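Engineer: This structure is in structure tokens; I'll ask about it shortly.
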Amino acid sequence: MKLHSVGSVPEDDSARTEPTRAAVTPQILQQDVFHRMIALERKRTERSRKPFLLMLLDAGGGLPSARVQSLLGEVLGSLTVTTRETDMVGWYATGLVVGVMFTEIAIDRGSSIVSTMMNRVSDVLRKNLSLEQFNHIKLSFHLFPENWDHQGPDRPSNPTLYPDLETREKSTRTMRVVKRSMDIGGSLLGLLILSPVFLAVALAVKLTSKGPVFFRQRRVGQYGKSFTFLKFRSMYVNNDASQHKEYVRRLIAGQAPRQVASGGGSGIYKLNNDQRITPVGKLIRRTSMDELPQFFNVLIGDMSLVGPRPPIPYEVEAYDIWHRRRLLEAKPGITGLWQIHGRSRVDFDEMVRLDLRYAKSLSPWLDVKILLQTPRAVVAGDGAC
């Protein structure tokens, strides 16, 4: 039998209630229902902060379909000694892979819950299955929330825990092809029409301060995958980012005060009078001209014209669990609902809610409306500093 685990959380073996042996095989939820239950359990974990463990049992291995279903039925019957009434069983892949969700795992110090469940389930299977049956079973364990290690951010988020997103992508494939076509056409058109502005900004940056014309930075894209983010350089080189890191941490935690904006009003959630910014940098930031090189990011597919803004890795490290959804449900973009609904005048939680609202309502027509409203927001300078 093959074993594989993803993620771990320390837990005392006594943290789970000792189960009692059941006499019947648990009811298996249909695939679409089980996928929805995984999504629902993720949201529940975001609120309760109690992790859940998804165990997948794959008895495929080239066996006939009828034999697979029979074997999985025997396996589930034997696993009733490890499950509770609050745990859920369903088809992860109909007729091929069964999933068991162990919900509301209590965190405590001690042995790893993944290792504990591996040992416990393996013991149950060995006692109830023949050696041939046992050798056909492949087990994998997936813990939510995952540990996002952005010291090595090239590891995308574990897609196994998000089958509903994969289903949604398949159902909206045509719309996504249209969106990608708009991105390619729009970025090429933008690069062509704005080429004189590109040249003027590049010369202004180069002639007024030492350093490269372009600022390159590692950002976190969809599913946690990193990419090189381009902007016109608006800061002095070799600056200290510690002040910004601390401000971002407080902003995401809801502890950052509003700063006085140049246009008055209720203030903005942004560092004001940042000494790292050059005089030219202040101008191109206020007019958003520093963002123009991101058309190249859109053209190569790292970004979209419309979507959530891509965060810096140290921003993601400060995220609450539910904030991560903005990186999972849509590709990052140059503009979005946040830019046309107040920009830095809204707090971080509201920005995330706007990103999630956009992802839920994703359509080419919505992208067109946002793109048409963006110039007005840029000219108004609402939320800029």
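Engineer: How high is the FRET efficiency from Ile300 to Glu85, r the C-beta distance, R0 51 Å, rounded to 0.05?
Structural biologist: Details: r = 50 Å, r/R0 = 0.98.
E(calc), rounded to 0.05, equals 0.55.
Engineer: Treat each spin label as a single point 7 Å out from the Cα along the C-beta direction, and report the Glu132 to Glu74 distance in nm.
Structural biologist: Here the answer is 0.9 nm between the modelled labels.
Engineer: Let me ask something else about it. Quote the FRET efficiency, to the nearest 0.05, computed for Leu194 versus Thr228 with a Förster distance R0 of 22 Å and r equal to the Cβ-Cβ distance. List each step's numbers first, then the result.
Structural biologist: Working: r = 21 Å, r/R0 = 0.94.
Rounded to the nearest 0.05, the efficiency is 0.60.
Engineer: Can you work out the FRET efficiency for the pair Leu207 and Glu246, with r the C-beta to C-beta distance and R0 = 35 Å, to the nearest 0.05? It would help to have the intermediate numbers written out before the result.
Structural biologist: Values: r = 33 Å, r/R0 = 0.94.
The formula returns an efficiency of 0.60 here.
Engineer: Also, quick follow-up: Considering only C-alpha atoms, what is the centroid distance from region 195-249 to region 326-362, in Å?
Structural biologist: 21
Engineer: Please work out how much length the chain gains when fully extended from Ser48 to Met175, using 0.36 nm per residue of separation minus the C-alpha to C-alpha distance, in nm with one decimal. Walk me through the numbers on the way to the answer.
Structural biologist: Details: separation 127, 0.36 × 127 = 45.72 nm, distance 3.47 nm.
Here the answer is 42.3 nm.
Engineer: Ala318 versus Val237, label points 7 Å from Cα toward the beta carbon: distance in nm?
Structural biologist: 2.8
Engineer: How big is the equivalent ellipsoid of region 287-385 along its three axes, where each semi-axis is √(5λ) from the Cα gyration tensor, reported in whole Å from largest to smallest?
Structural biologist: Working: eigenvalues 74, 51, 42 Å².
Gyration-tensor ellipsoid for region 287-385: 19, 16, 15 Å.
Computed from the coordinates by the stated procedures, all read-outs in this text should not be read as laboratory data. Remember, it's a predicted structure, so these values are computed and weren't measured experimentally. Reconstructed Cβ throughout: ideal geometry from the backbone, glycine too, with neighbour counts over all protein chains shown.
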